[in-house]
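The values are calculated or read from the model by the stated rules, or taken from the named source; none is laboratory data. Predicted model, so just to flag it, every value in this text is computed and none were measured. Counting neighbours? That spans all protein chains shown, and the Cβs are built from the backbone with ideal geometry, glycine included. These area figures cover heavy atoms from the full protein model, side chains too; ligands, DNA and RNA do not enter into them. Shrake-Rupley method; radii C 1.70, N 1.55, O 1.52, S 1.80 Å.
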Amino acid sequence: MIFYKSTNRLISSLEDEVNFETALFRGIAPDDGLYMPTKIPKFRFEEIKEMKNSNYSDIAFKVLNVFLKNQISEQHLKFIVRDSYDFEIPFEKLNHNTSIVRLDRGPTLSFKDFAGRFMARVMKVLKKNDEKITILVATSGDTGGAIGSSFKGLDNIEVVILYPKDEVTDFQKKQMNDLGCNIKTFEINGKFDDCQLMVKKAFNDYDLINLNLTSANSINIGRILPQIVYYFYSFLNCSYDYLPLIFSVPSGNFGNSLGCEIARRMGLPVKKIILAVNENDEFPRFLKKGYYNKISPSKACLSNAMNVGNPSNLARYFDLYGGCIDKNGLVNKMPDLEEMRKNIFSASVTDKETIKTMQDLFSQKKIIVEPHGAVGLKALEKYRTNSNDDCNAIVLETAAPQKFSNSVESILNINLNMNKIENSKANCLVQNDYNDFKIKLIDLQNK
Ligand SMILES: *Cc1c(COP(=O)(O)O)cnc(C)c1O
C-alpha cells in the first residue's frame, strides 16, 4: 500500500505518513506542506506495452490502481474511471514530429475535467455518509467550473468557489454561477492571488472549523494522480515503436506537468518535459540561474489560467529532486539542479509570441488553438531551437478555444459563432478583504 507524506517534513516535526483517504480529505498537510506518495510505483516496459490498444478508462484503471490499492476496491475504481471518462480525446498531427492532444472535450472544456470528475467520484465513495464537508476552491477560471460541475448534486458536500472579478471570462463566470444547488460562487473584487490567499487563511481559521474545509485545488493529491493517466494514453497513441516522447505542458501551478514527471518515474519513456509558462517566468529563471524569486503580484497575461507567480506544486518538484521549498517560495534545501535540467526544460513565452503563434498556425494550417495551448507550442519551438532535438513531441491543448472566445476571435479575426453570453451573477460579491469573505461565508451556511 502507498502512503503519503508532507513535502515540509524536512523543516517540521511532522513525520506522519497518512493513507490516501486522509491526504485527500485534508487537502493540505497540518504543517502546510503538500502530500506526496512515499514511493512511486514502477511499471515494467512490457506492462506499458500491454496497455497499447486499451481505451482511456482501462489505462486509467491500471495506472491509478497501483496508487489506490487497498484504498478503493477494484470494482469501485473501474466504475469511477468509466463514469469519469466518457468524452473523446483527439490527437491532431501538426507535422512529422509534432502532435497536439486536445484535453478540452470534457463537460467544462478544459483539462481540469480529468481530475475534477475523478476526484468527485472518489470522494463520494470514500466519504462517510453523514459527514458534511465544504470544498473551498480559488479559481483563475477553469478549476471552478470543472470542480463545480463534477460535484454538483452530491449529498453533504458543499462547494464554495472564489473567483477574481476581472480576471475570468464571461463564459467562465456563467459556467460557475449557473450551477446552483450545492455550488456557491463568491466574486472577489481582487486578483487570483487574493482568492488563493483567502482560501489559505480560511483553512487556518478556527472559527470555520465546523465547516470541515478541504481543498480541490491542485495542492490536493487527488487532483494530481488522475493527471498522470493522459501521458500514458498519449504515449501509447503517438509514440512510434515505443520511442521516448517530448511533452510540452502549458503550466501555471505545475499540477498538470507534475503528472508527466510522475509518469516518467513510473517508467514511461519521456525524453523531456517542457514546462511552458507565460511572462510569469520565475521557474525558467530558477532552472537557469539556480536561485528562486517568486513574482508577486503575478503578471496578467492572455493565458490567464497560468498567471501564477509562485506555483504551488513547485514544492512537489523540489521534493522529488531532493529539495524543500515552503509555500511562500522560501528555499530550505536546494534540489538536484543538474538532474532537473536533464529531465526538464522551461521557457517563458510573451503575449506577443503567443499571438503570433496562434496566427501562424491558423494561417498555415487552419488549426485553432487558444492562448494556453499556444504557449505550449512556442515553448516547444524554443526547446527545439535550443537543443537541436527533433524527437517526436506532444503539446497539450488545455482548454477549448470557445472558452477564450474574445481573445481567439480578435487575434485570429474569425467568428466562432457562439451564442451571446448573458451576464451571470455570483451568490456573493465580496470586497478584497478576508473578514468580508468570512462573514458572508458564515451567513450563507446559516441560510
Ligand atoms: C489550470 C490551467 C493551466 C495550468 O495548469 P497547472 O496544472 O496549474 O499548471 C493551463 N491551461 C489552462 C487552460 C488551465 O485551465
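For the range 374-406, name all the residues that are modelled with pLDDT of 95 or more, farther than 18 Å from Ser257 by Cβ and within 15 Å of the ligand (Cβ to nearest atom).
Of everything in the range 374-406, those that are modelled with pLDDT of 95 or more, farther than 18 Å from Ser257 by Cβ and within 15 Å of the ligand (Cβ to nearest atom) turn out to be Ala400, Pro401.
Six or more apart or on different chains, Cβ atoms under 7 Å: show the pairs whose first residue is in the range 363-392 and open to solvent by 20 Å² or more (accessible area, probe 1.4 Å) and whose second is assigned to a loop (DSSP other than H, G, I, E, B) and β-branched (Val, Ile, Thr).
Close Cβ pairs (under 7 Å, with a partner that is assigned to a loop (DSSP other than H, G, I, E, B) and β-branched (Val, Ile, Thr)) amount to Leu377/Val369; Lys378/Val349.
Identify, from the list Glu21, Glu88, Glu17, the residue that is exposed (fewer than 14 other Cβ atoms within 10 Å of the Cβ) and not aliphatic (A, V, I, L, M).
On the way: Glu21 fails: exposed (fewer than 14 other Cβ atoms within 10 Å of the Cβ); Glu17 fails: exposed (fewer than 14 other Cβ atoms within 10 Å of the Cβ).
The unique qualifying residue is Glu88.
Collect the residues in the range 111-157 that are away from the ligand (no atom under 16 Å from the Cβ), open to solvent by less than 20 Å² (accessible area, probe 1.4 Å) and part of a helix (DSSP H, G or I), keeping them in residue-number order.
Ala120, Val122, Met123, Phe151
Yes/no matrix, rows are residues, columns are (1) surrounded by fewer than 24 Cβ atoms within 10 Å (Cβ to Cβ); (2) within 12 Å of the ligand (Cβ to nearest atom); (3) among the aliphatic types (A, V, I, L, M):
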{"site": "Tyr231", "(1), (2), (3)": "no, no, no"}
{"site": "Ser239", "(1), (2), (3)": "yes, no, no"}
{"site": "Pro250", "(1), (2), (3)": "no, yes, no"}
{"site": "Asn256", "(1), (2), (3)": "no, yes, no"}
{"site": "Ile262", "(1), (2), (3)": "yes, no, yes"}
{"site": "Gly267", "(1), (2), (3)": "yes, no, no"}
{"site": "Val277", "(1), (2), (3)": "no, yes, yes"}
{"site": "Arg285", "(1), (2), (3)": "yes, no, no"}
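Hey, can you tell me all the residues within the range 25-82 that are open to solvent by 60 Å² or more (accessible area, probe 1.4 Å), within 28 Å of Lys128 (Cβ to Cβ) and assigned to a helix (DSSP H, G or I)?
The answer is Arg26, Glu74, Gln75, His76, Lys78, Phe79, Arg82.
Restrict the check to the range 322-336 and report whether at least one residue is buried (at least 23 other Cβ atoms within 10 Å of the Cβ) and more than 14 Å from the ligand (Cβ to nearest atom).
Scanning the range 322-336, I find at least one residue that is buried (at least 23 other Cβ atoms within 10 Å of the Cβ) and more than 14 Å from the ligand (Cβ to nearest atom), so the answer is yes.
Within the range 195-215, can one find any residue that is of a type in the set (Val, Ile, Thr), out of contact with any helix residue (DSSP H, G or I) (no Cβ under 7 Å at 6 or more places or on another chain) and over 23 Å from Asn328 (Cα atoms)?
In the first step, residues of the range 195-215 are kept if they are of a type in the set (Val, Ile, Thr); the result is 199, 209, 214.
Of the ones still in play, those that are also out of contact with any helix residue (DSSP H, G or I) (no Cβ under 7 Å at 6 or more places or on another chain) are 199, 209.
Filter again for over 23 Å from Asn328 (Cα atoms), leaving 209.
Scanning the range 195-215, I find at least one residue that is of a type in the set (Val, Ile, Thr), out of contact with any helix residue (DSSP H, G or I) (no Cβ under 7 Å at 6 or more places or on another chain) and over 23 Å from Asn328 (Cα atoms), so the answer is yes.
I'd like to check something: does the range 128-136 contain any residue that is in contact (Cβ under 8 Å) with a residue 40 or more places away in the chain, among the polar types (S, T, N, Q) and on the phi > 0 side of the Ramachandran plot?
First, the residues of the range 128-136 that are in contact (Cβ under 8 Å) with a residue 40 or more places away in the chain: 131-136.
Right, trim to among the polar types (S, T, N, Q) and you get 134.
This time we only want the ones that are on the phi > 0 side of the Ramachandran plot, so: none.
There is no residue in the range 128-136 that is in contact (Cβ under 8 Å) with a residue 40 or more places away in the chain, among the polar types (S, T, N, Q) and on the phi > 0 side of the Ramachandran plot.
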